[in-house]
Amino acid sequence: MNHLDLILTLTGGLAAALALGLGSQKLGLSPIVGYLVAGILVSPNTPGFAANKDLAKEMAEIGVILLMFGVGLHFHFKELLAVKRIAVPGAIVQSAVATVLSMVVMHYFFGWSWTQGAVFGMAIAVASTVVLTRVLVDNHDLHKPIGHIAIGWLVVEDLFTVFVLVLIPAVFGGESAGGGALALAIGWTALKIVLLVAFTFVVGGWAIPRLLTVIARTGSRELFTLAVLVIALGIAVGAAKLFGVSMELGAFLAGMVVARSEFSTRAATDALPMKDAFGVLFFVSVGMLFDLKSLLETPWLAVATVGIILIGKPLAAIAIALILRYPLKTSLAVGAVLSQIGEFSFIVGTIGKQYGLLDDKAFNVLVASAIITITVAPLIYRCAGPLERRLSKMPGFRALAARAVETTDNLPADSDDNRRAVIVGYGPVGKTVTRLLRENGFTPVIVEMNVDTVRTLRSKGIAAVYGDASHPETLMTAGADKADIFILSASSVEMGSEAIQQAKKLNPKVRVLARTAYLREADELLNEGSDAVFSGEGEVALSMTENILEYFGATDEQIDRERDRIRRDLFAQVEA
């Protein structure tokens with residue numbers, strides 16, 4: 001391997017992705033569009049700098065493994081069960097419609113085989129989790145019923161993708177042919193998958209949490225990061241070498257095992273620092289495969305593919321939602337947010353190309369379709385609301401628009417009986433504040449970096465999250481986006497300013513109380529959004545003064561007057 005090529009590929013690819021990803025972000029588009037275009041610009045198909053395509057592909061494989069590990073890490077059966085009435089049939093029907101529609105169109109209009117059309121259809125059937133989540137967040141819909149439904153829908157599609165990734169090598173990886181041999185191959189693969197799942201959940205479920213507990217107790221962020229990366233990559237490689245199945249499935253199962261432990265939140269925030277970088281390289285490597293000349297030779301293939309994604313898939317989603325008696329607004333929003341393809345489409349396409357089921361022109365169309373649909377999907381979603389309002393005025397749609405959104409089944413309802421509090425740190429101050437809040441009608445959630453403390457709190461029935469409070473995902477897990485008060489109770493909390501920033505970004509209305517050891521740090525915390533800051537230096541000075549005055553017989557009025565003077569002198573810039 002030429003080390004200079006490696007460095008140039010990394011530097012050139014990531015630099016181009018940074019510049020174009022930032023440009024896409026500024027234009028209100030998904031950064032994925034910028035990453036794909038960056039790959040096009042650094043590819044051998046365009047003039048100027050050309051990155052090493054083979055090296056980029058090898059590094060991108062790590063990104064795929066970490067991406068699937070992340071999918072497993074965020075997979076929760078309870079979230080799927082909450083919207084199972086629409087997510088399961090909806091995802092299955094929509095995926096089937098996209099696959100069958102692709103098979104018919106590609107066979108009769110472009111002369112493809114039924115198998116090629118099926119693989120291509122399965123590639124465009126699954127939407128991008130990254131794009132979908134971004135669209136929902138940008139429109140403040142992630143935690144509304146539409147957000148729950150869309151995420152549940154994507155979970156089913158992700159499972160569908162995992163099945164496809166396992167099925168293609170099983171069916172097309174061997175030399176055998178015929179119905180009996182095919183059935184035998186699928187059966188043998190299914191047996192190996194069952195053994196892998198059993199081994200991962202039984203052995204891994206016992207060993208992984210214990211390993212992470214030992215690592216977490218060291219207090220080393222680097223060792224924890226390394227441990228989770230070794231688990232993700234190790235199980236992925238073991239799945240391929242020992243069980244003969246895809247590394248993607250192994251990584252997905254590894255993520256599910258970690259997700260079942262108290263380390264899931266921290267693993268998702270602290271332990272995958274390379275995931276984003278390698279994930280970007282994956283999109284760059286896909287963009288490097290794009291060839292404009294090839295696309296111009298098959299323009300109608302691209303038009304047909306984009307049509308299936310932007311028309312066929314959304315109509316199928318809207319129809320199944322309406323049939324299941326969901327409101328018109330919800331149905332249109334679901335269809336709109338799913339009108340795109342992304343990372344998993346490329347993974348399926350890459351596997352299909354590897355086994356000779358898709359050629360370069362088909363994959364090229366897949367890349368072009370992703371760029372187009374990722375670009376327009378946010379715009380389509382924004383049009384769903386105005387379209388619903390216009391249709392709701394028409395006689396034929398009034399009854400559909402009037403349906404109650406409560407038809408979403410068993411979505412977790414937020415209770416307003418108790419006010420919510422997020423407390424960072426569970427030292428003496430955190431314990432006292434937690435007790436006080438619980439006794440006064442608050443529901444506190446503790447964020448702690450001591451895994452033993454988290455386990456003890458949970459055993460007592462107190463909600464606790466193991467993770468770094470400076471990461472938004474940790475705060476989301478703790479419920480900071482819906483909290484009434486956010487308390488930074490530990491003066492030694494690392495990156496306290498970042499924690500306050502993230503809390504205010506998630507919930508601008510939350511009241512923030514912060515503790516710091518030194519008065520000189522108070523201004524920084526106030527500037528970051530704290531409503532009140534309590535300094536150890538100031539509180540000690542105040543307590544000592546009160547004690548001295550009491551000992552020497554000062555009256556209550558004198559003590560109150562001196563207390564007020566000290567507060568003016570020490571706390572004038574601290575109290576809000």
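Structure notes:
- Helix 556-571 axis, angle to the chain major axis (alpha carbon atoms, nearest 10°): 40
- Rg/Rg_globular for the chain, with Rg_globular taken as 2.2 N^0.38 Å and Rg from C-alpha atoms: 1.11
- Near ARG260, no amide H atom lies under 5 Å from its own; only residues 5 or more places off or on other chains count, and H is placed 1.01 Å from N.
- Separation of region 461-476 from region 311-383 is 33 Å, based on Cα centroids.
- Computed from backbone phi with θ = phi - 60° and the Karplus coefficients 6.51, -1.76 and 1.60, the 3J(HN,Hα) list for region 237-248 is 5, x, 4, 6, 7, 8, 10, x, 10, 5, 5, 4 Hz; x is used for glycine and proline.
- In terms of its C-alpha gyration tensor, region 419-571 has a prolate overall shape, because the principal axis ratio a/c (a ≥ b ≥ c, square roots of the eigenvalues) is not below 1.5 and a/b outweighs b/c.
- Dipole magnitude of region 56-384, debye to nearest 20 (Cβ charges: Lys/Arg +1, Asp/Glu -1, about Cα centre): 800
- Relative to the current alpha-carbon distance between TYR108 and ALA554, full extension at 0.36 nm per residue lengthens the span by 150.8 nm.
- Placed amide H near PHE534: partners under 5 Å, 5+ positions off or other chain: ALA514, ARG515, THR516
- Simple spin-label estimate for THR46 and ALA240 in nanometres, 7 Å along Cα-Cβ: 2.9
- Amide hydrogen proximity for THR443: with H placed 1.01 Å from N in the peptide plane, the residues at 5 or more positions away or on another chain lying under 5 Å are ARG419, ARG420, ALA421.
- Close Lys pairs in region 419-571, defined as Cα atoms under 14 Å apart and 8 or more places apart or on different chains, number 4.
- Helix 313-323 axis versus longest C-alpha principal axis of the chain: approximately 70°, rounded to the nearest ten.
- Along region 156-164 the Karplus relation, 6.51 cos²θ - 1.76 cosθ + 1.60 evaluated at θ = phi - 60°, assigns HN-Hα couplings of 5, 5, 5, 4, 4, 5, 4, 4, 5 Hz to successive residues, with x for each Gly and Pro.
- Charge dipole of region 419-571 (Cα centre as origin; +1 on each Lys and Arg Cβ, -1 on each Asp and Glu Cβ, all else neutral): 760 debye, rounded to the nearest 20.
- Only one residue of MET394, GLN25, VAL131 has its Cα farthest out toward the positive end of the dipole of the chain, where Lys and Arg carry +1 and Asp and Glu -1 on Cβ, and that residue is MET394.
- Computed magnitude of the charge dipole of the chain (debye, nearest 20; Cβ of K, R +1, Cβ of D, E -1): 1740
- Sites count as exposed loop sites when they are chymotrypsin sites (Phe, Trp or Tyr not before Pro), lie in a DSSP loop, and have at most 11 other Cβ atoms within 10 angstrom; the longest stretch of the chain without one is 1-517.
- Longest segment of the chain lacking GluC sites (Glu not before Pro) that sit in a DSSP loop with at most 16 other Cβ atoms within 10 Å: 176-493
- Too-long pairs where the Cα-Cα distance tops 27 Å, listed order kept, from LYS144/LYS313; LYS84/LYS241; LYS84/LYS329; LYS26/LYS329: LYS84/LYS241; LYS26/LYS329
- Summed side-chain charge close to ASP141 - residues other than ASP141 whose Cβ falls under 12 Å, Lys, Arg +1, Asp, Glu -1: +3
- Nearest 10 degrees, 0 to 90: helix 360-391 Cα axis against the chain principal axis: 60
Each reported figure results from applying straightforward, stated rules to the coordinates on display, with no laboratory input. From a predicted model like this one, the values you see are computed outputs, not experimental measurements. Neighbour counts are summed over all protein chains in view; Cβ atoms, including those assigned to glycine, are modelled from backbone coordinates with ideal geometry.
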